[in-house]
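Student: Below are the structure tokens for one structure; questions will follow.
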Amino acid sequence: MGCGSHDPDENPRQPGPRPSLVIVGASVRSLAQSARRAGFDVHAVDLFRDRDLVAATVSATLATASGPYPEGLIAATRRCPPGPWCYTGALENHPLVIDRIARERPLAGIPGATVAAVRDHRRLRDALHAAGLDFPETHFTPDGLPTDGSFLLKPVASAGGRGIVRWRGGPPPAGAAAAVWQRVVPGASLAVGFAASAAGARLLGVSRQLVGRAWCRAAAFAYCGSVALPPETLPRGVRDQLERLGRLLAGEFGLRGLIGVDVVVDRRCRLHVIEVNPRPTASLELYERATGESLARAHLAACGIACPAGDRPAETARPGSWAKAVLFAERAIACDPRPLAALDGLAAAWTEADGWPALADIPGPGGGIARGAPIVTIFAHAATAGAALRGLRRRTAAVRAVLAGAGDAGSGPGR
């Protein structure tokens with residue numbers, strides 16, 4: 001990234017062979033960087049092949065290079081060297097693809113049948129209720145439901161909030177058999193990360209979710225960032241419910257490795273589980289920045305995969321509050337060298353201050369970014385969560401100002 005000498009992702013190759021790890025998903029940059037710091041030679045397959053992903057890997061392949069997503073992932077991983085593999089979002093929507101790849105190389109993660117079980121709304125609801133936890137009122141047809149916006153229409157196979165709308169009535173949409181209608185739960189929207197193993201689930205991090213923020217140019221329900229919250233600042237009752245939730249997911253469902261759960265905490269401090277994402281999630285990289293603990297190492301160890309020696313948590317820990325934002329394109333833009341160079345200049349100064357890369361998921365020159373697609377991820381660090389969020393908004397505005405000078409993308413394919 002050209003972000004200066006304080007970039008903790010600068011991990012010189014150690015003498016001797018390094019084991020290979022294949023990481024597959026729609027966007028794999030954060031886990032790939034973590035695995036590189038943990039001592040792996042990383043081979044990545046995703047939809048973006050961003051510049052910083054290429055820098056962190058031995059090979060980075062576009063997921064669509066071997067066919068349409070997600071089926072093309074199967075052929076793409078066959079060209080990677082032998083070794084274990086793991087996946088990120090949104091491959092949980094395709095359990096058959098997970099199992100196809102897992103038949104050909106060791107899976108560090110959750111097999112397709114288990115993914116399908118924990119993503120089944122009925123099974124998850126019943127298990128949560130039996131454990132004394134809450135799940136939003138959910139229907140599988142809109143028959144008889146109010147059309148005042150108090151329910152959300154949600155695709156079953158989705159990620160990052162894509163395709164979610166308030167239900168205002170009308171004919172059921174095409175493909176409604178693969179959708180649910182879920183009552184809106186007022187409260188604080190949080191993302192929770194666990195490391196699950198046969199011994200139970202360890203709570204790693206909690207973050208406030210940024211959703212549909214206009215300053216990120218995000219769609220109404222699109223995930224566009226996170227602000228890390230120290231778990232010890234949560235009310236004791238909420239922490240007790242999170243511990244119960246972790247035991248349920250690791251025990252009854254048998255989840256292993258890093259997992260994320262979207263929850264809403266209402267004004268009575270009741271925890272409502274919205275969705276389980278049975279793989280490493282986007283918000284967890286804030287935990288790695290604060291603690292220095294390698295997410296890749298935690299994930300692989302929980303899945304029974306041996307890791308190289310030589311993790312360096314003391315050198316990379318940056319305590320305090322971290323926040324991240326995903327900036328989306330208001331219009332189709334070209335990846336011109338001049339604005340990209342200006343972004344490098346911003347990143348260098350901010351990285352010097354923070355001790356970690358301040359920009360990520362950076363597109364390479366050439367090509368274009370389609371309207372509504374993610375452009376770049378922006379980070380900020382401060383003493384408190386509120387200060388981190390304010391700094392994040394300032395940095396996002398500065399990035400938008402730089403990108404305002406980028407040319408319009410042509411009619412060719414964009415990211």
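The values are calculated or read from the model by the stated rules, or taken from the named source; none is laboratory data. Quick caveat, the model's predicted, so the values are computed rather than measured. All Cβ positions, glycine included, derive from the backbone under ideal geometry; neighbour counts span all protein chains shown.
Student: Within segment 308-405, considering only helices (runs of 4 or more DSSP H) that don't extend past its boundaries, which have at least 3 residues that are surrounded by 15 or more Cβ atoms within 10 Å (Cβ to Cβ)?
Tutor: On the way: elements: 313-316, 337-354, 385-403.
Helices (runs of 4 or more DSSP H) meeting the threshold: 337-354, 385-403.
Student: Of the conditions (1) farther than 14 Å from H272 by Cβ; (2) touching a Leu at 6+ places or on another chain (Cβ under 8 Å), D120 clears all except one; give me its number.
Tutor: With (1) farther than 14 Å from H272 by Cβ; (2) touching a Leu at 6+ places or on another chain (Cβ under 8 Å) applied to D120, the lone miss is (2).
Student: Let me ask another. Could you pull out the residue among I101, I110 that is crowded, with 19+ Cβ neighbours inside 10 Å, assigned to a loop (DSSP other than H, G, I, E, B) and among the aliphatic types (A, V, I, L, M)?
Tutor: Working: I101 fails: assigned to a loop (DSSP other than H, G, I, E, B).
None of the other options fit; the residue is I110.
Student: Of all residues in segment 128-160, how many are aliphatic (A, V, I, L, M) and in a loop (DSSP other than H, G, I, E, B)?
Tutor: Summing the residues that are aliphatic (A, V, I, L, M) and in a loop (DSSP other than H, G, I, E, B) in segment 128-160 gives 6.
Student: Hey, another quick one. Mind checking whether some residue in segment 234-252 is in contact with a Lys or Arg (Cβ under 8 Å, 6 or more places away or on another chain), part of a strand (DSSP E or B) and touching a residue at least 12 places away in the same chain (Cβ under 8 Å)?
Tutor: First pass over segment 234-252, keeping only residues in contact with a Lys or Arg (Cβ under 8 Å, 6 or more places away or on another chain): 241, 246, 250.
Narrowing the set further to residues that are part of a strand (DSSP E or B) leaves none.
Checking segment 234-252: not a single residue is in contact with a Lys or Arg (Cβ under 8 Å, 6 or more places away or on another chain), part of a strand (DSSP E or B) and touching a residue at least 12 places away in the same chain (Cβ under 8 Å).
Student: For residues that are more than 16 Å from P363 (Cα to Cα), among the β-branched types (V, I, T) and touching a residue at least 24 places away in the same chain (Cβ under 8 Å), tally how many sit in segment 28-75.
Tutor: Counting residues in segment 28-75 that are more than 16 Å from P363 (Cα to Cα), among the β-branched types (V, I, T) and touching a residue at least 24 places away in the same chain (Cβ under 8 Å) gives 2.
Student: Looking only at segment 56-93, count how many residues are polar (S, T, N, Q) and either in a strand (DSSP E or B) or surrounded by 20 or more Cβ atoms within 10 Å (Cβ to Cβ) (or both).
Tutor: Within segment 56-93, residues that are polar (S, T, N, Q) and either in a strand (DSSP E or B) or surrounded by 20 or more Cβ atoms within 10 Å (Cβ to Cβ) (or both) number 5.
Student: Is it the case that W215 is touching a residue at least 40 places away in the same chain (Cβ under 8 Å), among the aromatic types (F, W, Y) and in a strand (DSSP E or B)? Reasoning before the result, please.
Tutor: Numbers: touching a residue at least 40 places away in the same chain (Cβ under 8 Å): yes; among the aromatic types (F, W, Y): yes; in a strand (DSSP E or B): no.
Considered against the rule, which asks whether it is touching a residue at least 40 places away in the same chain (Cβ under 8 Å), among the aromatic types (F, W, Y) and in a strand (DSSP E or B), W215 comes out as no.
Student: Of R125, R202, which residue is modelled with pLDDT of 95 or more and in a strand (DSSP E or B)?
Tutor: R202
Student: For segment 151-163, state whether one or more residues are in contact (Cβ under 8 Å) with a residue 12 or more places away in the chain and more than 24 Å from V326 (Cα to Cα). Explain how you work it out, then say what you get.
Tutor: Taking segment 151-163 and keeping what is in contact (Cβ under 8 Å) with a residue 12 or more places away in the chain, we get 151-162.
From the residues that got through so far, the ones that are more than 24 Å from V326 (Cα to Cα) too are 151.
Within segment 151-163, one or more residues are in contact (Cβ under 8 Å) with a residue 12 or more places away in the chain and more than 24 Å from V326 (Cα to Cα).
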